[in-house]
Amino acid sequence: MKKSLALISLFFLFSCASSDLKVHEGKHIYSLSDVSGNFRLEREVKFKNNKLITRNQILNPAGGDSKVLEKSVTLSQFGTLKTKKGPLRVVRPLASEFVTWLEGKKYTSRMKVDLKTKTMVVSSSEVKEQIIPFPKGQQFCFFSQLPDCLNLSGILQRASENPKQGIGLTVIWDSFPFTPELYIGAGRNLFSTANFKHDGRIKNRIRYILEVDGQVILFHFAQDHKLAKMAWISQGLTIVPPGEEESGIDNQ
């Protein structure tokens, strides 16, 4: 009974809270590069009625007309959990839709939380339907929604206040079940246990480390918690504002 208490709390002891949150709404443009080339990342964020909606598109600008290579929409709900240490800000996942093109073929994945069974119902172009139970935990973030989820849940603030202590969370791969085809060495599970911690300051930015599936992803945030840069070293993947010069992996 005690083992499932945190998950039960996530679904049933959920309340709205806090009007002083700063969510970076609007459309944000980044340059994305990996081993296959240079691309354009468009992120659109909306926050209304405690619902967080994030739309991502990766486009290939080569040849004039931008071609969409990957896109996703994720929906989550902000609230607080009642814990022994007091209210805990959380972002509860609700649903997502993911589309990618691999070697000219379109792949789709849709998922939605079933509150009654505490499961994620996933349907994709490969499998009609999979029902996957949620693991134990309190903090959950869709992968493509991580910058917004980390900010809204207060994880960024808590990691900065306790730089020697990592914060546990669960990453939900909205690219599931195609994650291994997209990222080298990535796991095949929908849920991955992760650890997030503060890693100092570089100029006017704050750097954090996310360890997930044996890999390291570096996040740089501005003072106002807006995403400034992301570097997934093992994938050779970086996301930066347009025109920002890259100075090599050692300075990520």
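Please treat every number below as a calculation from the coordinates, not as lab data. Since we're looking at a predicted model, the values are computed, not measured. As a convention, Cβ positions derive from the backbone with ideal geometry for all residues, glycine included, and neighbour counts pool all protein chains shown.
Summing Lys, Arg as +1 and Asp, Glu as -1, what charge do residues with Cβ under 14 Å from the Cβ of Arg158 carry, Arg158 excluded?
In short, +3.
Taking R0 as 25 Å, what FRET efficiency do you get between Gln77 and Val121 from their Cβ-Cβ distance, rounded to the nearest 0.05?
For R0 = 25 Å, the calculated efficiency reads 0.90.
Tabulate in residue order the Karplus-calculated ³J(HN,Hα) for region 111-119, using 6.51 cos²θ - 1.76 cosθ + 1.60 with θ = phi - 60°, rounded to whole Hz; enter x for Gly and Pro.
Per-residue couplings from phi come out as 9, 8, 6, 9, 5, 5, 9, 6, 10 Hz.
Which whole-angstrom value gives the distance between the alpha carbon centres of region 33-47 and region 178-240?
With region 33-47 and region 178-240 each reduced to a Cα centre, they are spaced 14 Å.
As a footprinting exposure proxy, order Tyr30, Tyr107 by other Cβ within 10 Å, with the fewest listed first.
Tyr107, Tyr30
When a footprinting reagent is the concern and you count Cβ atoms within 10 Å, what order do Glu126, Glu211 take, fewest first?
Least to most surrounded, the residues fall as Glu126, Glu211.
Can you give the extra length, in nm with one decimal, that the chain gains between Lys22 and Lys226 once fully stretched, where that is 0.36 nm per residue apart less the Cα-Cα distance?
72.5 nm
Between Gln157 and Asn49, with labels modelled 7 Å along Cα→Cβ, what's the label distance in nm to one decimal, could you check?
The modelled label-to-label distance comes out at 2.5 nm.
Please compute, for the alpha-carbon atoms of the chain, the extent along each of the three principal axes and give them in descending order in Å.
Cα spread of the chain along its principal axes, largest to smallest: 55, 47, 34 Å.
At 0.36 nm per residue, and after removing the present C-alpha to C-alpha distance, how many nm does the segment from Arg205 to Asn60 gain when stretched out fully?
Going from the current span to full extension adds 49.4 nm.
Residue by residue through region 146-152, what is 3J(HN,Hα) from phi via Karplus (6.51 cos²θ - 1.76 cosθ + 1.60, θ = phi - 60°)? Round to whole Hz and write x for glycine and proline.
3, x, 6, 5, 4, 6, 5
For region 165-178, what does the Karplus curve 6.51 cos²θ - 1.76 cosθ + 1.60, with θ = phi - 60°, yield as ³J(HN,Hα) per residue in whole Hz, taken in order and with x for Gly and Pro?
Calculated HN-Hα couplings, in order: 10, x, 10, x, 8, 10, 8, 9, 7, 5, 7, 4, x, 9 Hz.
Filter the trypsin sites (Lys or Arg not before Pro) in region 94-156 to those in DSSP coil with at most 13 other Cβ atoms within 10 Å of their Cβ, and list the result.
Passing both the DSSP loop test and the Cβ count: Lys116, Lys128, Lys136.
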